[in-house]
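The values are calculated or read from the model by the stated rules, or taken from the named source; none is laboratory data. For clarity, every value in this text was computed on a predicted model and none was experimentally measured. Positions of Cβ are backbone-derived with ideal geometry, glycine not excepted, and every protein chain shown enters the neighbour counts. Please note that ligands, DNA and RNA were not included when accessible areas were found on the heavy atoms of the full protein model with its side chains. Shrake-Rupley method; radii C 1.70, N 1.55, O 1.52, S 1.80 Å.
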Amino acid sequence: MKSGKDEARILDKKQALAKAESFCVYQERSQKEVRYKLVEWGIRGDELEEILSELIMSNFLNEERFANSYTSGKFNIKKWGRIKIKQGLKLKGVPDKMMNKALYSIDDGDYMQTLENLALKKASSLAENNTLKRKMKLISYLQTRGFETELILLALKASNLN
């Protein structure tokens, strides 16, 4: 069996492009992810830029589509808040303008409903009897999920958890 290093020796530009296309088809990718993967495969310089351009031109790579897909998945599946999603998009190298557009594509009503549901679910699992400590644990938990403090306080009030 080949090790990862042996497999990573793609010297042919055509093979690298085909492999990069497969990489992008499997799941939406950011340009930064694809760039790292190409470097890992031994592609650098002009060849790397040409492959990236080809992927963009043939629509295998679309930063805006990636940002929307990432945002939608992290919110709908992982139940992350905007702060945590934004951090993830920054790590993926998504430009601020696209990041903000994707973040604010999340419906505000759905966002608050998700926040309230998470608060209620977490509250039911807390064994803390002290009201203030219980509230602080809820706030802390929801902040780690990436929700904004002012919205957390509104959600706790709406759910009678304050």
If you check every pair at least six apart or on different chains, which have Cβ atoms under 7 Å apart with a residue in the stretch 89-103 that is within 12 Å of Ser30 (Cβ to Cβ) first and a residue that is open to solvent by 10 Å² or more (accessible area, probe 1.4 Å) and among the polar types (S, T, N, Q) second?
Gly93/Gln31; Ala102/Asn68
Before we move on, is Phe60 outside any helix (DSSP H, G or I) and under 20 Å from the mean Cα position of the chain (by Cα)?
yes
Hey, does the stretch 63-77 have a residue that's outside any helix (DSSP H, G or I), over 30 Å from Met112 (Cα atoms) and either among the hydrophobic types (A, V, I, L, M, F, W, C) or open to solvent by 20 Å² or more (accessible area, probe 1.4 Å) (or both)?
no
Evaluate the stretch 93-101: report whether one residue or more is under 11 Å from the mean Cα position of the chain (by Cα) and among the charged types (D, E, K, R).
no
Taking the conditions exactly as written (out of contact with any Ser or Thr (no Cβ under 7 Å at 6 or more places or on another chain), hydrophobic (A, V, I, L, M, F, W, C) and within 30 Å of Ala18 (Cβ to Cβ)), does Leu61 satisfy them or not?
yes
Pairs, first more than 12 Å from Asn117 (Cβ to Cβ) in the stretch 149-162, second aromatic (Phe, Trp, Tyr) and surrounded by 13 or more Cβ atoms within 10 Å (Cβ to Cβ), C-beta under 8 Å, six or more apart
Leu151/Tyr111
Out of the residues in the stretch 36-47 that are buried (at least 18 other Cβ atoms within 10 Å of the Cβ) and not aromatic (Phe, Trp, Tyr), state the one that is nearest to Glu63 (Cα to Cα).
Leu38
Within the stretch 26-51, residues over 15 Å from the mean Cα position of the chain (by Cα) and within 17 Å of Tyr70 (Cβ to Cβ) come out as Tyr26, Val34, Arg35, Tyr36, Lys37
On the given criteria, is Ile83 open to solvent by less than 70 Å² (accessible area, probe 1.4 Å) and part of a helix (DSSP H, G or I)?
no
Could you figure out which of (1) under 30 Å from Asn62 (Cβ atoms); (2) in contact (Cβ under 8 Å) with a residue 60 or more places away in the chain isn't true of Leu115?
(2)
Please tell me if Lys90 is open to solvent by 50 Å² or more (accessible area, probe 1.4 Å) and either within 30 Å of Gln15 (Cβ to Cβ) or touching a Lys or Arg at 6+ places or on another chain (Cβ under 7 Å) (or both).
no
Just give me the residues in the stretch 136-162 being of a type outside the set (A, V, I, L, M) and open to solvent by 80 Å² or more (accessible area, probe 1.4 Å), in sequence order.
Lys137, Gln143, Thr144, Glu150, Lys157, Asn160, Asn162
